[in-house]
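Have a look at the structure below, then the notes.
The values are calculated or read from the model by the stated rules, or taken from the named source; none is laboratory data. Predicted model, so just to flag it, every value in this text is computed and none were measured. So basically every Cβ, Gly included, is an ideal-geometry build from the backbone, and we count neighbours across all protein chains shown.
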Amino acid sequence: MSEALVTVEAAGTESSVPAASGARQFWRRLRAQRAALVAAAVVALLVLIALGAPLLTALEGQDPTTYHPSLIDSARGGVPVGSLGGMSADHWLGVEPQTGRDLFARLVYGARVSLGVALAATVAQVILGTVMGVAAGLGNRWVDLVLSRITDIFVAMPLMIMALALLAVVPGDFPRPVLVALVIALVSGWSTTAKMVRAQTLTLKNLDYVAASRLSGWSTWRTAVRELLPGLAAPVITYAALLVPTNISAEAALSFLGVGVKPPTPSWGQMLTSADVWYQAAPQYLLLPAGALFVTVFALTVLGDGVRVALDPRAASRLRVGTGSKREARAEQAAPQAGTRARRQGGAKTEAGKEDRA
């Protein structure tokens with residue numbers, strides 16, 4: 001791909017330099033946002049913790065399913081023995097009330113479930129929404145009408161009610177994390193993605209290069225893959241980045257209601273469900289999964305907003321050069337300084353000329 005030339009003003013002169021490619025521009029804009037970089041580091045750390053859960057629990061010497069009845073005070077209703085919920089060298093964050101299962105092990109394995117379900121649901125939502133949106137945008141009037149009405153039905157469908165109904169009728173031997181991801185993906189998210197992709201497709205298909213590909217005899221599939229998908233990448237990636245924290249919250253809510261991931265598989269929402277009666281006796285049992293959920297959702301939200309700004313040239317331009325009033329103020333401040341420099345340079349040339357004549 002040939003590089004476009006951009007004009008850069010520096011020190012009162014103009015020079016033409018090659019513009020950075022799309023990927024380089026994206027990373028440059030993203031690096032300019034410190035909050036997004038911090039959020040990306042937090043998300044990367046959470047992913048590493050989720051992937052390294054077996055190694056971390058092996059270092060501690062525990063697992064998320066083993067009961068430790070000796071660490072529970074049955075006379076007090078199942079409160080962990082010792083201070084701070086039973087924290088010790090063997091149990092870094094203490095143990096669960098009533099069961100004595102290691103809290104650190106369940107927390108890091110819960111990250112696997114929460115992040116895995118959210119990411120799987122996001123991928124399914126993006127794929128389904130993109131296919132439906134492109135098909136509606138490129139199809140004839142009747143195809144567009146039928147697909148748009150189906151999409152509107154799912155947009156209006158309440159997630160929690162439909163999820164509760166679907167999860168209640170599915171056999172219990174079906175893998176619960178996979179089922180939760182499928183329910184979240186099919187009930188919500190994809191319909192909004194489809195409407196956004198359809199609107200973008202209707203705009204892009206009227207451009208000259210897309211119209212030329214269709215007039216040249218290309219099939220609808222080839223036109224969509226070769227011409228439309230590159231133009232749809234930026235808005236779809238932006239929306240997908242914002243879908244992940246929403247899906248994490250949905251999984252936590254379903255597990256909190258008791259229809260999500262079932263024990264003994266750990267999940268942050270499931271831990272919150274059983275922690276609501278222990279917040280006084282063992283507050284870390286409630287605060288740790290709630291804090292992990294808050295940090296994860298907040299970091300993903302900030303990162304998603306940073307990706308949106310980095311992929312939006314108008315937003316990036318506003319971040320780089322400011323608004324029109326700020327640009328004018330900078331120009332007004334730079335004008336006297338440029339005049340002063342010019343007068344100094346002119347005076348220096350005059351003095352040099354006098355010396356040469358002398």
**Request:** State which residue pairs qualify: first residue under 15 Å from Pro263 (Cα atoms) and inside the range 156-181, second residue surrounded by 15 or more Cβ atoms within 10 Å (Cβ to Cβ) and among the small types (Gly, Ala, Ser) in any location, beta carbons under 6 Å apart, and separation of 6 or more residues or different chains.
**Result:** Val180/Gly260
**Request:** Kindly indicate whether Pro230 is surrounded by 17 or more Cβ atoms within 10 Å (Cβ to Cβ) and either part of a helix (DSSP H, G or I) or assigned by TED's automatic domain parsing to the domain that holds Gly260 (or both).
**Result:** no
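Yes/no per residue for (1) in contact with a helix residue (DSSP H, G or I) (Cβ under 8 Å, 6 or more places away or on another chain); (2) surrounded by 15 or more Cβ atoms within 10 Å (Cβ to Cβ); (3) closer than 30 Å to Leu48 by Cα; (4) without any contact (Cβ under 8 Å) to a residue 60 or more places away in the chain:
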| residue | (1), (2), (3), (4) |
| --- | --- |
| Gly82 | yes, no, no, yes |
| Asp90 | yes, no, yes, yes |
| Val126 | yes, yes, yes, no |
| Val134 | yes, yes, no, no |
| Arg198 | yes, yes, no, no |
**Message:** Condition first: of a type in the set (Ser, Thr, Tyr) and either without any contact (Cβ under 8 Å) to a residue 60 or more places away in the chain or touching a Cys at 6+ places or on another chain (Cβ under 7 Å) (or both). Now tell me which residues in the range 275-300 satisfy that.
**Reply:** Tyr279
**Request:** Run Val210 past the list (1) without any contact (Cβ under 8 Å) to a residue 24 or more places away in the chain; (2) surrounded by fewer than 19 Cβ atoms within 10 Å (Cβ to Cβ); (3) assigned to a helix (DSSP H, G or I) and report the number of the one that doesn't hold.
**Result:** (2)
**Request:** Would you tally the residues in the range 92-107 being crowded, with 19+ Cβ neighbours inside 10 Å and out of contact with any strand residue (DSSP E or B) (no Cβ under 7 Å at 6 or more places or on another chain)?
**Result:** 7
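Residue by residue, here is whether (1) surrounded by fewer than 22 Cβ atoms within 10 Å (Cβ to Cβ); (2) without any contact (Cβ under 8 Å) to a residue 60 or more places away in the chain; (3) over 13 Å from the mean Cα position of the chain (by Cα); (4) in a helix (DSSP H, G or I) holds:
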| site | (1), (2), (3), (4) |
| --- | --- |
| Arg226 | yes, yes, yes, yes |
| Ala240 | yes, no, no, yes |
| Leu243 | no, no, no, yes |
| Thr265 | yes, no, yes, no |
